[in-house]
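These notes are about the structure you will find just below.
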Amino acid sequence: MTDETKKKFYKDMLRLRRFEENVQDLFAKMKILGSVHLYIGEEAIAVGACAAINKDDYLASTHRGHGHMLAKGADAGRMFAELFGKETGYNKAKGGSMHLAAPDIGIMGANGIVGGGIPLATGAGLSAQKLKNGKVVLCFFGDGATSQGTFHESLNIAASYNLPVVYICENNLYAGGVKQCFDGECKNEGMDYPRKIKDIADRASGYGMPGVIVDGNDVEVVYKAVNTAVKRARKGDGPSLIECKTYRWRTHYEVEPDTYRPQEEVARWKEKCPITCYADKLLGQGIITQQELLDIAEQVEDEMNAAIEFAEKSPEPELSEALQDVYAD
Amino acid sequence: MSKKSMSAAIAMAQREEMIRDKTVYILGLDVGAYGGAFGCTRGLWKEFGKERVMDMPIAEAGYVGAAVGSAATGMRPIAELQFSDWITIASDMLVNQAANMRYTFGGSLSVPMVLRAPVGGYLSAASQHSHMFESWFAFVPGLKVVMPATPADAKGLLKSAIRDNGPVIFFEHKKLYDITGEVPDDPEYLVPLGKARIARTGKDVTIATYSYMVNFALEAAEKLAADGIDVEVIDLRTIKPMDTDTIIESVKKTNRLCCLQETWLTCSVASQISAVVAEQAFDYLDAPIKRIGALDAPNPFSAKLETYILPSVEKIIQEIKSMF
């Protein structure tokens, strides 16, 4: 891993963070409507994972998907335009936050159904295997999705047929407003769900695939684990399950009252911020300077400001668009 | 032309399309060496191998969802369900994923897949192996629903469905699988989706129907002819898009409409046809629209009870006579 790669990790994580902070602000001002689920706190996973794949590899995302999309190489301006409901958005203003997709760069879509993207990613793995195009699929989902039947069915199928899919569980501890934790360790007084296995990665052995647990707040660790799984998948040796332990700083969706989490817990995880911790590490190792950090922050601000301006200046869709693309030509 | 059963015609259509297009493949339960629960993939595993005829675990949401994802990434999968009743398990993948993806993603991809599934009663298979959910899926923008009544149509419609660039649900009636008919050998024999067929011309009353009920309607029509009632039978072939033009044209000629289907009437295909004809051809009607379908109960196991619940030729004759 070169110093340049590490600096890029830092910059990309900051891009994801600033994108989401802007979304948070614009949503509060009602410039963005509907519903948004922010990725703040989980940036190391998308950035580390996407660094391990190629531009033409596939990615299936979730309702908390802005970070995946940016990390895969999507344009922030077209993403903001979609969130603003503008015709220049990735989906011509028909998808919004929960359905952002960019098939031209392999992004098969965010998904409003928890666990909904897992079979789709598995199907992309089938396509890659049949077309022999050497592509792999990154399939992101949260800890909540691992309770869905689609998770179990898909991992079972993918393992049986050695499909080139890397299943990445972003375990941010909460499914909706309920804490998912190992039986006996839950302390949230009625706001928890007792899981009888310690780690979600343990489930991998039930399907006959490797299950790996990583610190989801450490971008380099995530990158290494996903890179290993991607190599295995590309060789035709089959899928892997990687559980990334992390935390979402915001509530499940914006403006949801945060009544269900102990505030000490939130504060503790904020101390483990994947971005500031990484900056400190790079500074300590002499890889980056304070000035470079400031320069990067400025570049990211410029990018986000330009992206928001593009979205704001873009027109709304014509009414004729409402009935386009219901059926394929 | 050659005489074939509907299941053989379906296997033929799939084989021809697999030869024609390397991205076409089949996935489902027992579709491999077994040849499909109703024989619709017979011989294909041997000819094309396990990569193109893939057996799946009993995981309808998982493998139908995989078909959706595969269709969105360059392949043309045909997913087979062993019984259509289990489409409920796969419904999220069809209704929330496949149907929406093209539209919601601003036209940036398409989902060229076919879901094949056996439907229908009259087999004492009771309430989880007999039901018909075509109206649920016809309701959803983005999905097409096809229901052939003859072996030739099964071939031509299935080939069109496979070549269609969007998701198509293809419901095959179990009572039709063994019925034989002349099937064109031409590998370019296509029946367009959304075009009905006049199965019998008549001047006194129109029966608009589909799937297995076409046979009931034709049998009833022959018997009614003896009583001087000349019945026109329309085989819809495709539930969505529906060829309402052909129905309305027929009603303008016969001035009477009977909607016949095997399943329940509430919010059904028959309801839809009735509404369209009431909207667009009300002044041509000489009698109230008649709807014939299943009584509002799950298919019972007892053959006696199931026969009572479902339409019969005798019931159709009685109901048609009551329109005059």
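Let me spell it out: the conditions are (1) modelled with pLDDT under 95; (2) outside any loop (DSSP other than H, G, I, E, B); (3) among the aliphatic types (A, V, I, L, M), and A:ILE242 meets all of them except one. Which number is the exception?
The one condition A:ILE242 does not meet is (1).
Which one is surrounded by the most Cβ atoms within 10 Å (Cβ to Cβ), of the residues in segment B:77-105 that are under 30 Å from A:THR88 (Cα atoms) and touching an Asp or Glu at 6+ places or on another chain (Cβ under 7 Å)?
B:ARG102
Which of the residues spanning segment B:116-161 are of a type in the set (Val, Ile, Thr) and buried (at least 24 other Cβ atoms within 10 Å of the Cβ)?
Matches in segment B:116-161: B:VAL119, B:VAL145, B:VAL146, B:THR150.
Can you pull out every residue in segment A:184-243 that is free of Cβ contacts under 8 Å to residues at least 40 places away in the same chain and on the phi > 0 side of the Ramachandran plot?
Hits for segment A:184-243 are A:GLY184, A:GLU189, A:GLY190.
Within segment B:206-241, how many residues are in a helix (DSSP H, G or I) and either assigned by TED's automatic domain parsing to the domain that holds B:ILE169 or over 17 Å from the mean Cα position of the chain (by Cα) (or both)? Even if it seems obvious, please write down each step before you answer.
At the first step, the residues of segment B:206-241 found to be in a helix (DSSP H, G or I) are B:213-226.
Then keep just the ones that are either assigned by TED's automatic domain parsing to the domain that holds B:ILE169 or over 17 Å from the mean Cα position of the chain (by Cα) (or both); that gives B:218-226.
Of the residues in that region, 9 qualify.
Which of the residues belonging to segment A:105-130 are facing chain B (nearest Cβ under 7 Å) and over 22 Å from A:ALA322 (Cα atoms)?
Once the filter is applied, which keeps residues that are facing chain B (nearest Cβ under 7 Å) and over 22 Å from A:ALA322 (Cα atoms), segment A:105-130 yields A:ILE113, A:GLY116, A:PRO119, A:LEU120, A:ALA121, A:THR122, A:GLY123, A:ALA124, A:LEU126, A:SER127, A:LYS130.
Residues checked against (1) within 18 Å of B:LYS155 (Cα to Cα); (2) small (Gly, Ala, Ser); (3) surrounded by fewer than 22 Cβ atoms within 10 Å (Cβ to Cβ):
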| position | (1), (2), (3) |
| --- | --- |
| B:MET1 | yes, no, yes |
| B:ALA9 | yes, yes, no |
| B:TYR34 | no, no, yes |
| B:TRP45 | no, no, yes |
| B:VAL53 | no, no, no |
| B:ALA59 | no, yes, yes |
| B:GLY62 | no, yes, no |
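Just checking: which of the helices (runs of 4 or more DSSP H) contained wholly in segment A:247-329 hold 1 or more residues that are more than 22 Å from the chain's Cα centre (by Cα) and modelled with pLDDT under 95?
A:263-271
Please find, within segment B:1-55, the residue that is nearest to the other protein chains (Cβ to nearest Cβ) out of those that are within 22 Å of B:HIS129 (Cα to Cα) and more than 22 Å from the chain's Cα centre (by Cα).
B:ASP55
For segment B:94-111, what are the residues that are of a type outside the set (Phe, Trp, Tyr), touching a strand residue (DSSP E or B) at 6+ places or on another chain (Cβ under 9 Å) and facing another protein chain (nearest Cβ under 7 Å)?
Across segment B:94-111, the qualifying residue is only B:SER108.
Of the residues in segment A:131-149, how many are over 14 Å from the mean Cα position of the chain (by Cα), within 11 Å of chain B (Cβ to nearest Cβ) and within 22 Å of B:SER91 (Cβ to Cβ)?
2
Quick check on my filter: what residues within segment A:123-148 are within 16 Å of A:ASN111 (Cα to Cα) and free of Cβ contacts under 8 Å to residues at least 24 places away in the same chain?
Within segment A:123-148, A:GLY123 is the sole residue that qualifies.
Taking the residues in segment B:61-89 that are of a type in the set (Ser, Thr, Tyr) and assigned to a helix (DSSP H, G or I) as candidates, determine which candidate is nearest to the other protein chains (Cβ to nearest Cβ).
As a first pass, look at segment B:61-89 and keep what is of a type in the set (Ser, Thr, Tyr): B:63, B:70, B:73, B:84, B:88.
Then drop every residue that is not assigned to a helix (DSSP H, G or I), which leaves B:63, B:70, B:84, B:88.
Working: B:TYR63: 6, B:SER70: 4, B:SER84: 19, B:THR88: 12 Å.
It comes out as B:SER70.
Does any residue in segment B:102-120 that is under 30 Å from B:ILE309 (Cα atoms) come within less than 7 Å, Cβ to Cβ, of a residue that is modelled with pLDDT of 95 or more and in a helix (DSSP H, G or I) six or more places away or on a different chain, and which pairs are these?
Between residues of segment B:102-120 that are under 30 Å from B:ILE309 (Cα atoms) and residues that are modelled with pLDDT of 95 or more and in a helix (DSSP H, G or I), the close pairs are B:LEU115/B:VAL64; B:LEU115/B:LEU94; B:ALA117/B:SER84; B:ALA117/B:ILE87; B:PRO118/B:SER84; B:VAL119/B:SER84.
Residue by residue through segment A:255-283, note down the ones that are of a type in the set (Gly, Ala, Ser) and surrounded by 14 or more Cβ atoms within 10 Å (Cβ to Cβ). Before the answer, list the steps.
Residues of segment A:255-283 of a type in the set (Gly, Ala, Ser): A:267, A:279.
Residue satisfying the conditions is A:ALA279 alone.
From the list A:GLY177, A:GLY208, exactly one residue is within 21 Å of A:TRP269 (Cβ to Cβ), out of contact with any strand residue (DSSP E or B) (no Cβ under 9 Å at 6 or more places or on another chain) and either surrounded by fewer than 22 Cβ atoms within 10 Å (Cβ to Cβ) or of a type in the set (S, T, N, Q) (or both). Which is it?
When all the criteria are applied, what remains is A:GLY177.
Take the conditions within 14 Å of chain B (Cβ to nearest Cβ), out of contact with any Cys (no Cβ under 8 Å at 6 or more places or on another chain) and hydrophobic (A, V, I, L, M, F, W, C) and apply them to A:LEU282. Does it pass?
The answer is no for A:LEU282.
The values are calculated or read from the model by the stated rules, or taken from the named source; none is laboratory data. Keep in mind it's a predicted model, so treat the numbers as computed, not measured. No Cβ is skipped: glycine too gets one built from the backbone with ideal geometry, and neighbour counts run over all protein chains shown.
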